[in-house]
Structures are given as structure tokens and as C-alpha cells.
Amino acid sequence: MTPEAYMKEAICEAQKGEGFTNPNPMVGAVLVKEGRIIGKGYHQAYGGYHAERNAILNCKENMQGAQLYVTLEPCCHYGKTPPCTEIILESGIRKVYIGAMDPNPLVAGQGAEILRRHGVEVVTGTCGQECRQLNKIFFHYIRNKTPYVTMKYAMTADGKIATRTGASKWITGEEARGQVQQSRHRHMGIMAGLGTILADDPMLTCRLEGKKSPVRIICDTHLRAPLTSRVVQTAKEFKTIFATAQSDTKKIKPYQDLGCQICTIPLKGDHIDLNCLMQKLGSMGIDSILLEGGAMLNYSALESGIVHAVEMYIAPKMFGGKEAKSPVEGKGVALPDEAFALYSPKIRQIGQDILVEWEVKPCLQEL
């Protein structure tokens, strides 16, 4: 096997940690000796051992002279776990292939340099693009300290998210809805607006067995969500944050009594300042958000420049009707040249539906 093939094995290992490692990166490692894989490991959960240490601990053979393939530069500092560079040097590994360098200032090339200083040959950039793509959320968060935001919506082939009566269940099929649940698991937070709470009374949890539910973030400028709504009633079970400009303690207390966390955000125009909200959420350690808002919140998020990616599900049906809702409403742009630009599309079929994934350019929160 080639170095690229071994690194792709490490990438497959890393993906096993999806949704469990945030705000840490997904990392995979593969140990090779004399053309054989003798150990594998991945970062399984935040606070647990890193991929390199797990691969070495999982190996039952003599590692003297072995090669290590790791998707991200080994750490060289004490955090929740000891430095990976230490156990690599202790193991007798003589060559390390690194997919992507770690942008964390605590590492940032120092891990590779420590290995080199102790006689370990280091090769960087093997499957570099794939390894960087694997951790696009981590790379954004470590550099910007704000969440990576993915806007998700499902629409018909004629661009409608609900009929003229407001009915929207179900636009897509079971397979596509299952993929949405996986997206909820992958992101640390899920964000919706008051309109969605009033219209659908959703739970906003992940319903896949063995997966985690995201932190629920409700944008509610004047704190008008019903106390009987499911997100409020289950706030002690699933962490729920209300982002609001409301400061009246008498209005806030009933939500707090039911387990909701109140995050006070200043106004920008008629609504809370979404950029300020992203700064607050980033300071809480929330590295990523799946935006499942209504058409108005979607427009506000795009206008604020906080959206990094779009997941657009297209169902093979048409609703018609000029009063049927579209995914993005609000004021809208005046000229085509002012459009929110999307690029790098990825298209795949899920059941009878189509998923198109885009990146958004520019995002104002990207350094």
C-alpha cells in the first residue's frame, strides 16, 4: 500500500469519532511495520485519549522502527491528556506521516519539530486536502472562536418549504430525514427561531440511537416562546439556550426555573445581533451550529454573514402557489450581483431526494 492509502485508512478511523469529539478535531492514526498495519486508533470522545495514543495502546506488537500515519499533527502539550509526542518517542516509531498541520497555537508545527529533534523522520501533507476537509469545523473554530454554521432546509423542486396553508410534513423521504439526524449529531448546536417553535413545536434533538443531541439554541428576541413548548419543557433533559434581548427578570425566571439558559444579546435593528450571539456561543465552547430556522431567520443569518455552508435537500415534488413559503425570505437583495454567493457544490442522491451541499462566500466571521 502507498502512504496515501494508509492515510486514507487513518481518515476512516477519524470519522468514527464524528459528533463525539467537539470542540476537539476528529483524528485517526494507523501504525504500519514491514508493510502490515499493526495498530489503529482514533480520538473517540472529547477528553479521551488522542488517536496516536489509542493506536499505540491498541498495538500488541513491537513498534520499533514502525511508521505512524496520523491525520493531524501530534499534540505536544499537556491538556486533558498527556502529549502524543511523548508516547510516539517512547514507542520506537521512526517515521511519522502527518496529513494536516494543527492550527492550534499550542501545537502549530511544534509537535512535528519535537519529533524531528529526537530523530524521527516527519513527512507532512499526505492527503492534506482530505485531512483539512475532515476538520473544517475545527479549523474554523480554533482560528475564529465562533461556531461554524450550516444552514439546512428541505424544499420541493419548485423551491417551496411549505404549502400555502403552512403544511410542511413531510417534504423529503425517510432516508433524507435520517441524514438530517446525522447532521444534528455532527454539530454541537442546533439553532431555530421563535417562528419555528410556534409553528412546529419541535424537539430539535437527534433521534438516532447511540448518537448525541445538540445544544438547542432558540433565537427569541422578546422571549415569547410558550412555556408549554417542548423545547422549554425538556430543557432539563437537553441543554437549551434562549438568545434574547429580554432583560425583565420576572419574564426570564419562569424559563430558568424550567432549566433554560438565558443568553442576553443586544439588539441590531428589530432582532438580536447574530454576530454577537456567535461570539457568545463560541466562548461557551460551541464550535458548530446546524441552522434549522425559518425563512426569516435564514435571511437574517445570511445577511449577518454568519453562514459557512448550506445543506439543501430537494424533493421530487412541486407545491406551487405564490403564497407557499420559500427557504429564504426577508427583504432580499436588490440586484443579482448582490446575491449571497455559493460555491464548491457536492451533490448526492439520498433515497428519492437530492442533497446539495454548498459553501458560502464570503462568511464575515472567517479569518
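The values are calculated or read from the model by the stated rules, or taken from the named source; none is laboratory data. All values reported here derive from a predicted model rather than from experimental measurement. Neighbour counts are summed over all protein chains in view; Cβ atoms, including those assigned to glycine, are modelled from backbone coordinates with ideal geometry. Surface areas here come from the heavy atoms of the whole protein model, side chains and all, with no ligands, DNA or RNA. Shrake-Rupley method; radii C 1.70, N 1.55, O 1.52, S 1.80 Å.
Of these, A324, A301, which one is outside any helix (DSSP H, G or I) and either open to solvent by 50 Å² or more (accessible area, probe 1.4 Å) or of a type in the set (A, V, I, L, M, F, W, C) (or both)?
A324
Which of the residues that make up the range 14-32 are in a loop (DSSP other than H, G, I, E, B) and over 13 Å from R132 (Cα atoms)?
Result: K16, G17, E18, G19, F20, T21, N22, P23, N24.
Picking from V122, V107, which residue would you name as being open to solvent by 10 Å² or more (accessible area, probe 1.4 Å), among the aliphatic types (A, V, I, L, M) and in contact (Cβ under 8 Å) with a residue 24 or more places away in the chain?
Unique residue meeting the criteria: V122.
For the range 125-153, which residues satisfy the criterion of being outside any helix (DSSP H, G or I), touching a residue at least 60 places away in the same chain (Cβ under 8 Å) and open to solvent by 20 Å² or more (accessible area, probe 1.4 Å)?
Of everything in the range 125-153, those that are outside any helix (DSSP H, G or I), touching a residue at least 60 places away in the same chain (Cβ under 8 Å) and open to solvent by 20 Å² or more (accessible area, probe 1.4 Å) turn out to be K145, K152, Y153.
Name the single residue, out of those in the range 61-92 being open to solvent by less than 60 Å² (accessible area, probe 1.4 Å) and hydroxyl-bearing (S, T, Y), that is farthest from C131 (Cα to Cα).
Once the filter is applied, the top-ranked residue is S91.
Just give me the residues in the range 14-60 being touching a residue at least 60 places away in the same chain (Cβ under 8 Å), more than 17 Å from A100 (Cα to Cα) and surrounded by fewer than 16 Cβ atoms within 10 Å (Cβ to Cβ), in sequence order.
E18
Let's see how each residue does on (1) at pLDDT below 95; (2) part of a strand (DSSP E or B):
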position: A199; (1), (2): yes, no
position: T205; (1), (2): no, no
position: R216; (1), (2): no, yes
position: R224; (1), (2): no, no
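Among (1) touching a Ser or Thr at 6+ places or on another chain (Cβ under 9 Å); (2) of a type in the set (S, T, N, Q); (3) open to solvent by 70 Å² or more (accessible area, probe 1.4 Å), there is one condition Q349 misses while meeting the rest; what is its number?
Single failed check for Q349: (1).
Restricting to the range 240-274, give me the number of residues that are surrounded by 17 or more Cβ atoms within 10 Å (Cβ to Cβ) and within 23 Å of N144 (Cβ to Cβ).
Final tally of qualifying residues: 8.
Answer with yes or no whether S344 is closer than 24 Å to P147 by Cα, of a type in the set (S, T, N, Q), open to solvent by 20 Å² or more (accessible area, probe 1.4 Å) and at pLDDT below 95.
So S344 passes the test.
Of the numbered conditions (1) over 22 Å from the mean Cα position of the chain (by Cα); (2) open to solvent by less than 40 Å² (accessible area, probe 1.4 Å), A339 fails exactly one; give the number of that condition.
In the conditions (1) over 22 Å from the mean Cα position of the chain (by Cα); (2) open to solvent by less than 40 Å² (accessible area, probe 1.4 Å), A339 misses (2) alone.
Would you mind stating whether R177 is open to solvent by 20 Å² or more (accessible area, probe 1.4 Å), free of Cβ contacts under 8 Å to residues at least 40 places away in the same chain, outside any loop (DSSP other than H, G, I, E, B) and closer than 30 Å to Y313 by Cβ?
Yes; evaluated as a whole, the condition is true for this residue.
All but one of (1) closer than 21 Å to I286 by Cβ; (2) modelled with pLDDT under 95; (3) in a loop (DSSP other than H, G, I, E, B) hold for T163; which doesn't?
If we test T163 against (1) closer than 21 Å to I286 by Cβ; (2) modelled with pLDDT under 95; (3) in a loop (DSSP other than H, G, I, E, B), just (1) comes out false.
Which residue out of A167, A192, A162 is open to solvent by 40 Å² or more (accessible area, probe 1.4 Å) and within 21 Å of A324 (Cα to Cα)?
Exactly one of A167, A192, A162 is open to solvent by 40 Å² or more (accessible area, probe 1.4 Å) and within 21 Å of A324 (Cα to Cα), namely A167.
Can you report the number of residues in the range 15-32 which are touching a Gly at 6+ places or on another chain (Cβ under 7 Å) and either closer than 19 Å to V123 by Cα or not aliphatic (A, V, I, L, M) (or both)?
Residues in the range 15-32 being touching a Gly at 6+ places or on another chain (Cβ under 7 Å) and either closer than 19 Å to V123 by Cα or not aliphatic (A, V, I, L, M) (or both): 3 in total.
Give the range 1-10 a look and list any residue that's out of contact with any strand residue (DSSP E or B) (no Cβ under 6 Å at 6 or more places or on another chain) and open to solvent by less than 50 Å² (accessible area, probe 1.4 Å), or say none.
A5
Which numbered condition trips up E292, out of (1) open to solvent by less than 20 Å² (accessible area, probe 1.4 Å); (2) over 14 Å from G159 (Cα atoms)?
Going through the list (1) open to solvent by less than 20 Å² (accessible area, probe 1.4 Å); (2) over 14 Å from G159 (Cα atoms), E292 breaks only (1).
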